[in-house]
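These notes are about the structure you will find just below.
The values are calculated or read from the model by the stated rules, or taken from the named source; none is laboratory data. None of the values given here were measured: they were computed from a predicted structure. Cβ placement follows ideal geometry from the backbone for every residue including glycine, while neighbour counts extend to all protein chains displayed. The accessibility values were calculated without ligands, DNA or RNA, using every heavy atom of the protein model including side chains. Shrake-Rupley method; radii C 1.70, N 1.55, O 1.52, S 1.80 Å.
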Amino acid sequence: MSRKLVLVVVDGMTPAAFERAVESGRAPALAFLAQQGDYRQATSVFPSLTPVCLTSIATGAGPGVHHIPSLVWWSRQERRIVEYGSSFAALRAAGLSQGLLDPIFNMNARHLAPEAVTIYEALEDAGLTAAAVNITCYRGRHRHQTTLPGVSRAAYGPSRFFFYGLFESDRTGAPFAVRSRRAGSVDTYAAAVGRWLVTRDGFDFLAFYLSGYDFASHAAGPDGEAAERALEQADAAIGALLDAAGGPDAFLERYAVVLLSDHGQTPVRHVARLEEPFADLDGQVVVTASNRAGQVYRLPGARIDAAELARRLDGLAAVDVTLRLEGDDVVARRDGADGPVGKLEHPDAARRARSALANPNAGDLLVSAAEGWELADLGGRHHAGGGSHGSLVAGDSLVPVVTVGLRAEIHRITDVAPAVLAHFGVPVPGSMEALAGVG
Ligand SMILES: [Zn+2]
């Protein structure tokens with residue numbers, strides 16, 4: 001029987017931030033895992049935004065299979081904008097208003113493609129016990145009632161399921177500070193639940209998600225002191241898991257580990273509104289943008305095609321490249337000229353672009369922002385002066401990965417789920433990407 005396995009996702013941690021934290025001695029838990037395991041960089045998906053990335057990690061598939069297209073998108077079926085919110089940390093504090101149904105329930109129950117098997121479903125169907133803490137892609141076989149009084153709608157998650165205090169499969173005593181939206185309190189909650197789970201050895205597989213680092217890196221930039229402090233907090237949350245097992249060595253006797261982030265971050269100084277170049281097309285297109293990615297959707301009856309939409313962005317400093325389908329071909333438009341996506345220097349660009357465009361919920365034109373630029377969201381919010389992500393560029397796209405006790409090598413974030421299933425000897429479902437390098 002294989003060792004049990006803990007998957008740790010530190011949102012937004014770049015390879016450089018990880019390496020600095022390990023080398024400086026400020027992150028003893030990360031340093032221990034790095035020293036005991038294999039370290040490499042892997043590639044995220046496009047757009048490199050958390051709901052897309054976490055779903056890719058949990059389903060072992062890109063957006064072309066799992067159908068979550070972005071942080072904010074246009075539902076052609078429902079003719080409305082779906083907004084998952086820029087801060088999951090705010091979910092609990094904000095309560096359960098209509099706008100929060102999308103990130104809390106609908107992303108997993110309605111938007112996530114039914115045929116995209118999650119890691120929790122695959123493991124629990126094989127008789128193993130899966131646990132999830134705060135990770136936004138959680139779909140499983142077990143029905144969970146929310147802790148909020150008066151709300152009858154349930155969610156389906158793994159048998160051990162903890163989600164910002166809104167769903168708690170077990171009474172752990174972990175405090176969720178309703179009044180405090182600070183990211184730190186969210187990870188403190190995650191750490192308390194994780195400690196409870198490890199103390200009881202209450203799972204075969206645990207997905208443990210920490211969002212605080214990304215929050216701090218958005219505010220202060222990926223290379224600032226505030227981000228480094230936030231990484232120390234993430235390290236402390238991971239350290240709590242090690243302690244609960246009786247120390248680092250005892251932890252690794254019981255568990256294999258996959259530790260990675262979902263995407264990177266790059267500094268942003270300038271802001272653009274992607275709506276502006278299309279302002280005269282009211283009723284023909286819908287524009288959705290957030291962080292460093294955007295989409296333009298043609299509405300039924302639109303008299304403008306995707307190629308014309310792309311030409312409207314020629315010469316805009318905020319735009320690095322646009323992507324669209326012409327028949328079966330992915331066309332990348334950059335510097336005022338169309339070209340094959342294979343010519344782009346961005347990591348794994350052709351594969352990521354094709355998967356993004358294969359998503360039925362994706363826009364007709366996808367926009368990847370230029371270095372240093374952010375696209376304001378629907379509310380005009382942005383992180384200029386801080387950090388952001390979402391584009392194809394390397395800084396947004398490359399993530400650190402540490403594996404301990406795993407035979408497979410993880411080169412893409414979509415490799416995680418099939419690698420974990422292979423570790424347990426569970427057949428990899430056809431919806432997941434084939435895994436290379438299983439020893
Ligand atoms: Zn982020």
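Among 395-402, 33-40, what's the highest-first ranking by average C-beta atoms within 10 angstrom per residue?
395-402, 33-40
Over the chain, dividing the summed -39,500 (n - 2.57) contributions of all DSSP H runs of at least 4 residues by the number of residues returns a 222 nm mean residue ellipticity of -8000 deg cm²/dmol. Each peptide in 119-127, 341-349, 260-268, 144-152 receives the mean, over its residues, of other Cβ atoms within 10 Å, and ordering these scores from highest gives 260-268, 119-127, 341-349, 144-152. The packing ranking of peptides 240-248, 316-324, highest mean first, is 316-324, 240-248, where packing means the average number of other beta carbon atoms within 10 angstrom of each residue. Rg ratio for segment 306-439: its Cα radius of gyration over 2.2 N^0.38 Å, N being its residue count, equals 1.24. Pairwise Cα separations in segment 186-238 fall into 5 Å bins from 0 onward with the following percentages, short to long: 5, 21, 25, 19, 13, 9, 6, 2. Once both labels are modelled 7 Å past Cα along the beta-carbon direction, what's the Leu299-His411 spacing in nm? Once both label points are built, they end up 4.4 nm from each other. Solvent-accessible surface of the chain, taken per residue with a 1.4 Å probe and all protein chains present: 36 Å². Between Glu253, Glu275, Glu232, the GNM of the chain built on Cα springs shorter than 10 angstrom shows Glu253 fluctuating the most. The trypsin sites (Lys or Arg not before Pro) of segment 179-287 that meet both conditions, a loop assignment by DSSP and at most 10 other Cβ atoms within 10 Å of the site Cβ, are Arg179.
Taking the 1.4 Å solvent-accessible surface of the chain as the whole, the part contributed by carbon and sulfur is 49%.
Net charge of the neighbourhood of Val393, taken over other residues with C-beta under 11 Å away and scored Lys/Arg +1, Asp/Glu -1, is -3. Couplings 3J(HN,Hα) for segment 399-408, derived from phi with the Karplus relation 6.51 cos²θ - 1.76 cosθ + 1.60 (θ = phi - 60°), are 10, x, 9, 10, 10, 10, x, 10, 7, 6 Hz, where x marks Gly and Pro. Taking the Kirkwood radius as Rh and the Cα radius of gyration as Rg, the chain has a ratio of Rg/Rh equal to 0.95.
Summarised as an ellipsoid, segment 241-363 has semi-axes of 39, 17, 15 Å, derived from the eigenvalues of the Cα gyration tensor scaled by 5 and square-rooted, with the largest first. Sorted largest first by accessible area at a 1.4 angstrom probe radius, with every protein chain in place, the residues Glu228, Glu374, Glu23 fall in the order Glu23, Glu228, Glu374.
Label separation (Glu253 vs Ser2): 2.2 nm, computed from points 7 Å beyond Cα along the C-beta direction.
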